[in-house]
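K.L.:
Sharing a structure below in structure tokens format, with a few things to ask.
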Amino acid sequence: MNWEKYGKGAVIAVNCFAIFFMVYVIAVSAGYTVLLGDDFTHGVRVGAFHVPFFQYFAASLQYMKEIYLDWQGTYFAMFIQALLSPINNFGLPQLKAVMILNVLLFAAALFGVIWTAFDFILKEKKMPQIRLTVFSIVLFSVLDAEIFTEIFFWYSGAVAYSIPFSFALLGIMFFLLQNNNCYSRRKKLVFSICSAFFLFCASGGSLAVTGTGCYIVLLLAFGFYLTSHKISVRNIVVTVVGIIGAVVNVIAPGNFSRHTQNSGGEGFMLVKSVKWAVKNVWAETERLTKETMFGVMLVAMILIGIYLSARLQKILKKYGIISILALLTGYVTALPVAVGYAGPLFPNRCCFILDVVLVVSFLNFAVFIGCCLERWADLRDNRGACAVLFVVLFAVFVSSPEKISESSIVTVAELMHNGTYRNYYEECVSIYDYLENCEEANVVLPMPEYIENFECFYFDEDETAWVNIGIAEYYGKESIKRMNE
């Protein structure tokens, strides 16, 4: 009996089940997303409701222009904010479709980056069991970080952060593919065009996404130069396209007017912003290691690195240089947030981008550490040393600050299964229906009870609050306010 073959099959099956479970839970739960806050104010400002497609497409471009000139430079994010807006078109069914597709797009893009990256690391071109294991670990670590409600359960967060970030990942994936010599020149050209397109779009998202995408592509271009000792015109062109998009975003007049409002006219405070960015990265790194199972995942990746060491192409030193430089990506992600908000504020949606960057960069570094340990101590052939490492992994797992049953993905699965999300969604829908059909001009409503691990519908007791005004304008009311409890 071929035990190695059956062992690989078992690993693939387990990982496929784990990946399906995680994606299924988040996607189905995202289908219960409700309309709230900015979803109404953006839609009202777009101003076009249930009009023919090309007329609405023009309205979306006009909205992008208005926001670019007076609020922020996120040209792609604001374009799709309007283009995909549920309240302007097909309502809650459209919201459900957008949010589910948002989850699937992120998972597919992250998977694509990891799968294609292994082509440049491994001697053996397949090894699906390793690729799937690494993706499972990365996806679990990202979801276990608990910071995703504004990404997967809020429409405005999805279009401004998640979808542009998924586009950045797709741009990186195609950038890797265009450097893979297994493909013909024609295919490489197609990959280059796709990479440039996705990176340019991603650069029109939040500046945290913009900086992250551009830095990673620059890092990859440098890595390919180290391995080939040749300057790739194709890599330069694609990288420049991404940077041009970033420049278009950064120089937007709206960025300056918004920053003046946020900073109170104190300027960009670059030195303070760097300090805030560093503190935010350190604080989030500490939280990941002390409050989640990230430490267990790091040890697991070191073991994977030991296993892969003999199977790597002859690029360990160059791989190490890129892995070390990749650890700086978190600071590149955090700095635009600190500059933009002119303070230490780091919203949930920005923290998600940072978490993905920290998870991927540290887990990748752990693989490199494992490779180095194996080369230094010949661990693969030392059964005693391997046994010790597995004992260490078990000890870290047992002493982890969080158990699997306490992880956020399990919590979300429970809330989905017991009907909490569904019940909350139905309660919000009844409020929307009431606002749509009631004849009252000044509406006073009870607000649905808050639930954990979700982005909840909210409005204020003060009818002049911006969120109340947005909801009232959409439903054609003079005012809306929350009932005093």
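The values are calculated or read from the model by the stated rules, or taken from the named source; none is laboratory data. Keep in mind that what you see is a predicted model, and the values were worked out from it rather than measured. Using ideal geometry, Cβ is built from the backbone for each residue, glycine included, and neighbour counts are taken over all protein chains shown. Just so you know, the surface numbers come from the protein's heavy atoms only, side chains and all, with ligands and any DNA or RNA stripped out. Shrake-Rupley method; radii C 1.70, N 1.55, O 1.52, S 1.80 Å.
K.L.:
For residues that are aromatic (Phe, Trp, Tyr) and touching a Gly at 6+ places or on another chain (Cβ under 9 Å), tally how many sit in the range 195-245. Lay out the reasoning, then the answer.
P.N.:
In the first step, residues of the range 195-245 are kept if they are aromatic (Phe, Trp, Tyr); the result is 197-198, 200, 215, 222, 224-225.
Next, from what is left, pick out any that are touching a Gly at 6+ places or on another chain (Cβ under 9 Å): 197-198, 200.
Looking only at that region, the number is 3.
K.L.:
Quick one: count up the residues across the range 63-107 that are surrounded by fewer than 22 Cβ atoms within 10 Å (Cβ to Cβ), in contact with a Lys or Arg (Cβ under 8 Å, 6 or more places away or on another chain) and either at pLDDT 95 or above or assigned to a helix (DSSP H, G or I) (or both).
P.N.:
Residues meeting the conditions: 1.
K.L.:
Also, I was wondering about something else. Can you name the residue in the range 31-62 that is more than 21 Å from the chain's Cα centre (by Cα), more than 12 Å from residue 82 (Cβ to Cβ) and among the aromatic types (Phe, Trp, Tyr) and is also least open to solvent (accessible area, probe 1.4 Å) among such residues?
P.N.:
It comes out as 40.
K.L.:
How many residues are open to solvent by 40 Å² or more (accessible area, probe 1.4 Å) and touching a helix residue (DSSP H, G or I) at 6+ places or on another chain (Cβ under 8 Å) when one looks only at the range 423-439?
P.N.:
Summing the residues that are open to solvent by 40 Å² or more (accessible area, probe 1.4 Å) and touching a helix residue (DSSP H, G or I) at 6+ places or on another chain (Cβ under 8 Å) in the range 423-439 gives 1.
K.L.:
Enumerate the pairs (first residue in the range 44-60 and β-branched (Val, Ile, Thr); second residue anywhere and part of a helix (DSSP H, G or I) and modelled with pLDDT of 90 or more) with beta-carbon separation below 6 Å, excluding pairs fewer than 6 apart on the same chain, so at least 6 apart or on different chains.
P.N.:
Taking only residues 6 or more apart or on different chains, the pairs are 44/470; 44/473; 44/474; 46/59; 46/63; 46/82; 46/88.
K.L.:
Continuing with the same structure: Among the residues of the range 458-485, how many are of a type in the set (S, T, N, Q), touching a Ser or Thr at 6+ places or on another chain (Cβ under 9 Å) and over 20 Å from residue 154 (Cα atoms)?
P.N.:
Selection size over the range 458-485: 2.
K.L.:
Let me ask something additional. Residue under question is residue 315, and the condition is that it be open to solvent by less than 50 Å² (accessible area, probe 1.4 Å) and under 30 Å from residue 102 (Cβ atoms); does it hold?
P.N.:
When the stated conditions are applied, residue 315 does not pass them.
K.L.:
Among the listed residues 396, 367, 410, which satisfies the condition of being modelled with pLDDT of 90 or more, touching a Gly at 6+ places or on another chain (Cβ under 7 Å) and surrounded by 13 or more Cβ atoms within 10 Å (Cβ to Cβ)?
P.N.:
Answer to the check: 367.
K.L.:
Next question, about the same structure. Can we say residue 197 is modelled with pLDDT of 95 or more, over 30 Å from residue 407 (Cβ atoms) and either open to solvent by 30 Å² or more (accessible area, probe 1.4 Å) or touching a strand residue (DSSP E or B) at 6+ places or on another chain (Cβ under 7 Å) (or both)? Working first, answer last.
P.N.:
Details: modelled with pLDDT of 95 or more: yes; over 30 Å from residue 407 (Cβ atoms): yes; either open to solvent by 30 Å² or more (accessible area, probe 1.4 Å) or touching a strand residue (DSSP E or B) at 6+ places or on another chain (Cβ under 7 Å) (or both): yes.
Yes.
K.L.:
Report yes if residue 132 is touching a helix residue (DSSP H, G or I) at 6+ places or on another chain (Cβ under 8 Å), surrounded by fewer than 17 Cβ atoms within 10 Å (Cβ to Cβ), of a type outside the set (Lys, Arg) and in a helix (DSSP H, G or I), otherwise no. Walk me through it before giving the result.
P.N.:
Numbers: touching a helix residue (DSSP H, G or I) at 6+ places or on another chain (Cβ under 8 Å): yes; surrounded by fewer than 17 Cβ atoms within 10 Å (Cβ to Cβ): no; of a type outside the set (Lys, Arg): yes; in a helix (DSSP H, G or I): yes.
In short, no.
K.L.:
Among the residues of the range 183-193, is any exposed (fewer than 15 other Cβ atoms within 10 Å of the Cβ), without any contact (Cβ under 8 Å) to a residue 60 or more places away in the chain and in a loop (DSSP other than H, G, I, E, B)?
P.N.:
For the range 183-193, residues exposed (fewer than 15 other Cβ atoms within 10 Å of the Cβ), without any contact (Cβ under 8 Å) to a residue 60 or more places away in the chain and in a loop (DSSP other than H, G, I, E, B): present.
K.L.:
Which condition from (1) open to solvent by less than 20 Å² (accessible area, probe 1.4 Å); (2) under 19 Å from residue 119 (Cα atoms); (3) assigned to a loop (DSSP other than H, G, I, E, B) is the one that residue 205 breaks?
P.N.:
Unmet for residue 205, out of (1) open to solvent by less than 20 Å² (accessible area, probe 1.4 Å); (2) under 19 Å from residue 119 (Cα atoms); (3) assigned to a loop (DSSP other than H, G, I, E, B): (2).
K.L.:
Any idea which residue in the range 458-479 is farthest from residue 28 (Cα to Cα), counting only those that are open to solvent by less than 10 Å² (accessible area, probe 1.4 Å), at pLDDT 90 or above and of a type in the set (A, V, I, L, M, F, W, C)?
P.N.:
472
K.L.:
Ok, one more. Answer yes or no as to whether residue 158 is more than 24 Å from residue 367 (Cβ to Cβ), touching a residue at least 40 places away in the same chain (Cβ under 8 Å) and under 19 Å from the mean Cα position of the chain (by Cα).
P.N.:
Considered against the rule, which asks whether it is more than 24 Å from residue 367 (Cβ to Cβ), touching a residue at least 40 places away in the same chain (Cβ under 8 Å) and under 19 Å from the mean Cα position of the chain (by Cα), residue 158 comes out as yes.
K.L.:
Now for a different question. Just to be sure I understand, how many residues within the range 144-164 are open to solvent by less than 10 Å² (accessible area, probe 1.4 Å) and within 14 Å of residue 212 (Cα to Cα)?
P.N.:
Counting residues in the range 144-164 that are open to solvent by less than 10 Å² (accessible area, probe 1.4 Å) and within 14 Å of residue 212 (Cα to Cα) gives 2.
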